[in-house]
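**Q** Would you mind keeping the following structure in view while I ask a few things?
The values are calculated or read from the model by the stated rules, or taken from the named source; none is laboratory data. Please read all numbers here as calculations on a predicted model, not as lab measurements. Cβ placement follows ideal geometry from the backbone for every residue including glycine, while neighbour counts extend to all protein chains displayed. These area figures cover heavy atoms from the full protein model, side chains too; ligands, DNA and RNA do not enter into them. Shrake-Rupley method; radii C 1.70, N 1.55, O 1.52, S 1.80 Å.
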Amino acid sequence: MSNRRHNIAFWAGVAVFLVAVLAMTQIVRNEYPFFAGYVILQFIALAVAWSILGGYAGYVNFGTNAFFGVGVYTAVALFKATGAPLVVQIAAAAVVGMLLGFAVGLLTLRMRGIFFSIATIAVAIIIETFVMNWRFVGGAAGIQLQRPAVMAPFDSYVKMLFFVQAILVVIAVAVARYIQNSRIGRGLQALRDDELAAECTGVPTLKLKLVACMISGALISAAGAPAAMYLQYADPSSAFNLSYSVSALAMSLIGGTAHWIGPVLGAILLGSTQQLLSVTISSEVNVLVLGIMLVLFVVGAPKGIIGLLRPRYRLRAGGKP
Amino acid sequence: MFSMDLLLGAVVLGVLLGCFYAAVSVGLSISFGLLDVPHVAHPAFLVLASYGVYQLNETYDIDPLLAGLAITPLFFLFGLLAYRVYYETFEKRGTDAGVRGIAFFFGIAFIIEVLIILQFGVDQRSVTATYIGKAWRFGEYRIPIRQLVAFAVALALTILLAVYLSKTFMGRAIRAVAQDEEALRLMGANPVRIKQFAFGIATAVLGIAGALLIIVAPVEPTLDRAYIGRTFCVVVMAGLGSISGTLIAAIILGVAESIVLTLFGASWAPAISFAMLLVVLAVRPQGLFGR
């Protein structure tokens with residue numbers, strides 16, 4: 001089979017990407033490209049992670065901001081309590097995100113469609129309220145953070161964060177790609193198309209849903225963790241901002257969720273447009289563009305960009321010819 | 001600290017608040033409860049109505065309630081259009097409508113939010129009327145008249161809608177379409193037209209509800225996020241489609257919020273409706289008066 005060839009091509013691509021990112025941090029002097037690029041990379045990680053549950057399994061998670069905020073505040077709390085290094089912050093955020101995913105999965109095990117979506121918003125608001133009342137991490141007013149010294153070979157913290165986020169993107173994509181081609185992915189797609197039929201044919205739907213919640217949650221929280229150091233500041237209403245949810249959802253659906261490349265394309269396209277717009281016009285307008293693009297794609301191009309580019313994905317994803 | 005008087009005051013205010021919550025949720029009880037439309041944009045429509053009322057009140061100095069009544073036909077048409085788009089793009093095509101339908105309304109909600117910000121800015125807006133700013137005093141209690149006005153109008157609106165749905169021909173047709181669409185089709189009725197009309201009614205009610213929202217307190221563009229929790233909590237707790245249940249569930253929510261506000265302070269209030277919603281979804285998803 002050509003599976004081995006695909007694998008080699010994929011990992012070669014990953015290696016080229018990481019080397020290019022690393023080389024860029026060493027060569028380019030100006031910090032701005034990294035500042036903007038970090039946000040785009042963060043959106044790629046979020047969109048890919050979101051699509052594991054929202055795309056493959058068809059469970060629309062509105063609670064991306066819950067996982068993101070939990071990632072941010074795990075990093076903040078750890079940093080404040082022990083001064084833990086960035087890697088530890090991210091790993092801890094991933095673990096906490098996975099636990100939260102497990103809890104959310106258990107709580108919403110029997111909920112479908114809109115009930116699941118509303119429940120995830122509820123989880124986000126409740127956690128945000130707790131963080132707002134948590135004095136140790138600054139409460140509603142937020143908390144200032146002092147970045148520690150940067151590690152070699154990087155000459156600025158933002159460049160290092162850019163590289164770290166690139167690695168998180170690679171991890172998210174690799175996990176999504178693995179799931180897509182594995183039994184888990186096929187099981188998730190089966191339960192997405194018809195949960196009852198899947199259950200009847202022996203697909204362990206509840207277990208798969210839990211696993212998808214946990215993996216998706218861990219990846220989102222991990223992608224959120226460096227945001228505290230990136231902004232040198234954290235406050236509940238921006239860490240738990242609903243715009244993370246709409247971005248992750250919109251970028252995934254606009255890119256197309258039948259293949260991991262969809263969310264990546266969606267995030268690159270919309271992320272760069274957003275960066276351009278918020279520099280040239282205003283941040284409100286980029287949310288407007290995001291919303292309009294989402295509605296247009298959902299109405300007019302249900303399989304997203306990849307559906308427009310390669311009609312054969314329609315067959316794979318929808319189940320209907 | 002804790003006192004009976006304080007608690008009693010909280011309960012009274014909670015009941016007033018609850019009836020107001022019923023009025024802002026009753027539209028969702030039709031669109032989501034009866035018609036199964038995943039209408040996440042309902043609270044955004046509500047806030048949009050409030051801004052419409054604000055604009056009329058600001059430029060022509062019209063009483064907010066009259067202004068609400070004036071935009072009602074507009075919202076009716078808006079509802080007809082919204083349902084038509086939803087039906088043509090999702091319901092009619094069938095498969096995969098779930099994910100995309102939810103995303104569609106989520107996108108619409110965000111578009112409305114941003115358009116309001118672009119037009120009116122992020123500052124809070126409020127209306128002026130003779131009954132706003134005054135209060136009735138009974139001994140140590142103090143009840144703002146704006147709360148009483150909102151309470152009375154909300155109660156009337158909810159009861160009117162309940163009567164409409166149970167007594168009139170069209171109201172019964174709407175409930176019939178919720179129960180068995182196929183049967184209606186076999187009897188020669190057009191279920192899509194009935195559903196479209198029902199969605200129009202559900203949206204039209206928001207004209208008045210939006211007026212109440214801005215009478216009770218100033219509004220801001222992102223206020224709809226808090227009301228996602230409140231409206232869905234009320235509708236799900238009531239049991240989908242039950243209008244009388246909506247009133248009772250809304251009062252339960254109002255009293256709970258009011259008590260928590262009194263005992264623990266305002267910073268915990270936003271989580272109450274969402275927490276109750278989660279508990280209801282997890283423990284009794286069919287609601288208190290589920291069909």
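**Q** How about the stretch A:284-307: which of its residues are more than 10 Å from every other protein chain (Cβ to nearest Cβ) and out of contact with any His (no Cβ under 8 Å at 6 or more places or on another chain)?
**A** A:Ala301, A:Gly304, A:Ile305, A:Gly307
**Q** What residue, among those in the stretch A:193-220 that are more than 22 Å from A:Met98 (Cβ to Cβ) and in contact with a helix residue (DSSP H, G or I) (Cβ under 7 Å, 6 or more places away or on another chain), is most open to solvent (accessible area, probe 1.4 Å)?
**A** A:Glu199
**Q** Being outside any loop (DSSP other than H, G, I, E, B) and open to solvent by 50 Å² or more (accessible area, probe 1.4 Å) is the filter here, so list the residues in the stretch A:279-292 that pass it.
**A** Listed by number, the residues that qualify are A:Val279, A:Thr280, A:Ser283, A:Glu284, A:Ile292.
**Q** So is A:Ala227 farther than 21 Å from A:Val104 by Cα, small (Gly, Ala, Ser) and open to solvent by 20 Å² or more (accessible area, probe 1.4 Å) or not?
**A** No; evaluated as a whole, the condition is false for this residue.
**Q** Here's a check for you: in the stretch A:258-278, which residue that is within 14 Å of chain B (Cβ to nearest Cβ) and in a helix (DSSP H, G or I) is most open to solvent (accessible area, probe 1.4 Å)?
**A** Residue satisfying both the conditions and the ranking: A:Ser278.
**Q** Got a sec? Which of B:Ala282, B:Ala271, B:Ala275 is without any contact (Cβ under 8 Å) to a residue 24 or more places away in the chain, more than 28 Å from B:Phe75 (Cβ to Cβ), within 10 Å of chain A (Cβ to nearest Cβ) and open to solvent by less than 20 Å² (accessible area, probe 1.4 Å)?
**A** Unique residue meeting the criteria: B:Ala271.
**Q** So B:Gln55 ticks every box in (1) within 14 Å of chain A (Cβ to nearest Cβ); (2) surrounded by fewer than 21 Cβ atoms within 10 Å (Cβ to Cβ); (3) within 20 Å of B:Leu223 (Cα to Cα) but one. Which box is left unticked?
**A** (1) is the only condition that B:Gln55 fails.
**Q** Could I ask something else about it? Tally the residues that are in a helix (DSSP H, G or I) and touching a helix residue (DSSP H, G or I) at 6+ places or on another chain (Cβ under 8 Å), restricting the search to the stretch A:141-177.
**A** 21
**Q** In addition: Take the conditions over 22 Å from A:Leu78 (Cα atoms) and away from every other protein chain (no Cβ under 14 Å) and apply them to A:Ala228. Does it pass?
**A** no
**Q** Return only the number of the condition from (1) part of a helix (DSSP H, G or I); (2) open to solvent by less than 10 Å² (accessible area, probe 1.4 Å); (3) away from chain A (no Cβ under 11 Å) that B:Gly287 does not satisfy.
**A** All conditions pass for B:Gly287, except number (1).
**Q** Now a separate question. Residues that are within 18 Å of B:Val15 (Cα to Cα) and facing chain A (nearest Cβ under 10 Å): does the stretch B:240-260 have at least one?
**A** No - not one qualifying residue is present in the stretch B:240-260.
**Q** Pull up the stretch B:84-95, narrow it to residues that are open to solvent by less than 50 Å² (accessible area, probe 1.4 Å) and not aromatic (Phe, Trp, Tyr), then point me to the one that is nearest to the other protein chains (Cβ to nearest Cβ).
**A** Applying the filter and picking the extreme gives B:Thr89.
Residues are listed down the side, and each one gets a yes or a no for (1) in a strand (DSSP E or B); (2) surrounded by fewer than 20 Cβ atoms within 10 Å (Cβ to Cβ); (3) more than 12 Å from every other protein chain (Cβ to nearest Cβ):
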position	(1), (2), (3)
B:Gly68	no, no, yes
B:Gly98	no, yes, no
B:Asp123	no, yes, yes
B:Arg146	no, no, yes
B:Ala156	no, yes, yes
B:Ile159	no, yes, yes
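**Q** Tell me, which helices (runs of 4 or more DSSP H) wholly within the stretch B:183-266 include 1 or more residues that are among the aromatic types (Phe, Trp, Tyr), touching a helix residue (DSSP H, G or I) at 6+ places or on another chain (Cβ under 8 Å) and open to solvent by 10 Å² or more (accessible area, probe 1.4 Å)?
**A** B:191-216, B:224-238
**Q** Which condition number in (1) within 14 Å of chain A (Cβ to nearest Cβ); (2) buried (at least 24 other Cβ atoms within 10 Å of the Cβ) is the one that B:Leu81 fails?
**A** So the condition that B:Leu81 fails would be (2).
**Q** Taking interchain pairs and intrachain pairs at least six residues apart, which have beta carbon atoms under 7 angstrom, with the first residue in the stretch B:148-173 and closer than 12 Å to B:Ile201 by Cβ and the second basic (Lys, Arg) and open to solvent by 30 Å² or more (accessible area, probe 1.4 Å)?
**A** Close Cβ pairs satisfying both conditions: B:Leu165/B:Arg175.
**Q** Of everything in the stretch B:127-142 that's out of contact with any helix residue (DSSP H, G or I) (no Cβ under 8 Å at 6 or more places or on another chain) and not aromatic (Phe, Trp, Tyr), which residue is surrounded by the most Cβ atoms within 10 Å (Cβ to Cβ)?
**A** B:Arg142
**Q** Quick check on my filter: what residues within the stretch B:82-105 are within 19 Å of the chain's Cα centre (by Cα) and either farther than 27 Å from A:Ser243 by Cβ or modelled with pLDDT under 90 (or both)?
**A** B:Tyr83, B:Ile102
**Q** Continuing with the same structure: Taking the condition of being farther than 15 Å from B:Gly33 by Cβ and among the aliphatic types (A, V, I, L, M), how many residues in the stretch B:164-189 meet it?
**A** Total satisfying the criteria: 7.
**Q** Next question, about the same structure. Somewhere in the stretch A:249-257, is a residue in contact (Cβ under 8 Å) with a residue 40 or more places away in the chain, closer than 23 Å to A:Ala122 by Cα, in a loop (DSSP other than H, G, I, E, B) and open to solvent by less than 20 Å² (accessible area, probe 1.4 Å)?
**A** no
**Q** Now for a different question. Any idea which of B:Gly133, B:Gly107 is on the phi > 0 side of the Ramachandran plot, without any contact (Cβ under 8 Å) to a residue 24 or more places away in the chain and either out of contact with any Phe, Trp or Tyr (no Cβ under 7 Å at 6 or more places or on another chain) or away from chain A (no Cβ under 14 Å) (or both)?
**A** That would be B:Gly133, the only listed residue that is on the phi > 0 side of the Ramachandran plot, without any contact (Cβ under 8 Å) to a residue 24 or more places away in the chain and either out of contact with any Phe, Trp or Tyr (no Cβ under 7 Å at 6 or more places or on another chain) or away from chain A (no Cβ under 14 Å) (or both).
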